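To start, the structure under review is shown below, and the notes come after it.
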Amino acid sequence: NIARTALRFIDRTATVFLDAGTTTRQLALLLSDWDALTIVTTDLEIALLLKETNIRLIVCGGEVQKKTGSVVGFFANQMLSEMRFDVAFIGTACIDQNYTVLTPTTEKAALKRLIVQNSSAAYLVADSSKFYKRAMTCINMLSDYTGVITDKEFSKTELEAIAENNIAIIHAGG
């Protein structure tokens, strides 16, 4: 389980950014009783999930992307540019054959780049269905992350390419 594997990288008193997405929502559920955390999110469902907990919760403001329930745009980016995170967990729509992380919208690309830049450690959480797909906008490369937490099983050839590109894969066991 990707979310359960992600727990290993969180200190109980950390400031954590949780990106919008199903995997980060699962992670939020697992963290809901960690009282000393600060969680910052752009995901409205994560915010609702955590609002009754003892976690310090910060929700970014901005335009709500109705399809995903996430907050994007100028105001979200402005707020995030002022913050620093101990650890961030970021989702993605797709990763292409060159290990480029992609998204359908330019607003999300800028936001995700900003989060990686402002985090001491940034992990991409991506299940196997996200690999070898394309979208219009480049976010960054897999090598830009502290690690990529995934359930994807890679071939020997893929593992060689991953090593050549300095990508840290963290396998989430079934």
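Below is a table of values for the structure above.
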| quantity | calculated |
| --- | --- |
| Flag for LEU102 being under 26 Å from ARG4 (Cα atoms) and either in contact with a helix residue (DSSP H, G or I) (Cβ under 7 Å, 6 or more places away or on another chain) or part of a helix (DSSP H, G or I) (or both) | no |
| Among the candidates LYS108, LYS67, LYS130, LYS112, residue that is more than 20 Å from LEU29 (Cβ to Cβ) and touching a Cys at 6+ places or on another chain (Cβ under 8 Å) | LYS130 |
| Residue satisfying all of: in the stretch 59-78; more than 16 Å from ALA47 (Cα to Cα) and surrounded by 14 or more Cβ atoms within 10 Å (Cβ to Cβ); nearest to the chain's Cα centre (by Cα) among these | ASN77 |
| Helices (runs of 4 or more DSSP H) within the stretch 6-95 that include 1 or more residues under 23 Å from ASP127 (Cβ atoms), in contact with a helix residue (DSSP H, G or I) (Cβ under 9 Å, 6 or more places away or on another chain) and not hydroxyl-bearing (Ser, Thr, Tyr) | 22-31, 44-50 |
| Filter pass, THR24 being surrounded by 20 or more Cβ atoms within 10 Å (Cβ to Cβ), in contact with a Leu (Cβ under 9 Å, 6 or more places away or on another chain) and either at pLDDT below 95 or within 21 Å of ARG113 (Cα to Cα) (or both) | yes |
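The values are calculated or read from the model by the stated rules, or taken from the named source; none is laboratory data. Everything quoted here is computed from the prediction, not taken from an experiment. Glycine also receives a Cβ, built like all others from the backbone with ideal geometry; neighbour counts cover every protein chain displayed.
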